[in-house]
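Asks: Before we start, here is the structure in question, set down as structure tokens.
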């Protein structure tokens, strides 16, 4: 079994999830059970799935969970765009968070490639 703490992509995912929680605190209260909840779940799914995959025995199982994490990252990418278009965040915040999630996606893809 692997230790997820040893993966830089997990650390970036963890920090990204914290950033999403901080940013969404300012979203409209009526969105608490809408986009706020959805983007938080998708963002936390990234490090959660990396960690769960590390607990699996085979490379193929690990890759499966990394693929789920990558899917969650793509979901967050769309939720960020929607949040920006709805004017829940400013352009600088959107660009920063969007760059972070794209960096995570690239890291996940590289890690997945090493497992195949």
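Asks: Considering 72, 45, 58, which residue is over 13 Å from residue 9 (Cβ atoms) and either under 9 Å from the mean Cα position of the chain (by Cα) or buried (at least 19 other Cβ atoms within 10 Å of the Cβ) (or both)?
Replies: Being over 13 Å from residue 9 (Cβ atoms) and either under 9 Å from the mean Cα position of the chain (by Cα) or buried (at least 19 other Cβ atoms within 10 Å of the Cβ) (or both) holds for just one of 72, 45, 58, which is 45.
Asks: Could you check how many residues of the range 75-111 are in a helix (DSSP H, G or I), surrounded by fewer than 18 Cβ atoms within 10 Å (Cβ to Cβ) and in contact (Cβ under 8 Å) with a residue 40 or more places away in the chain?
Replies: 3
Where a number appears in this text, it was derived from the coordinates with a stated rule and is not lab data. No experiment lies behind these values; they were computed from the predicted model shown. A quick note on method: Cβ atoms are made from the backbone with ideal geometry, for glycine too, and the neighbour counts reach across all protein chains shown.
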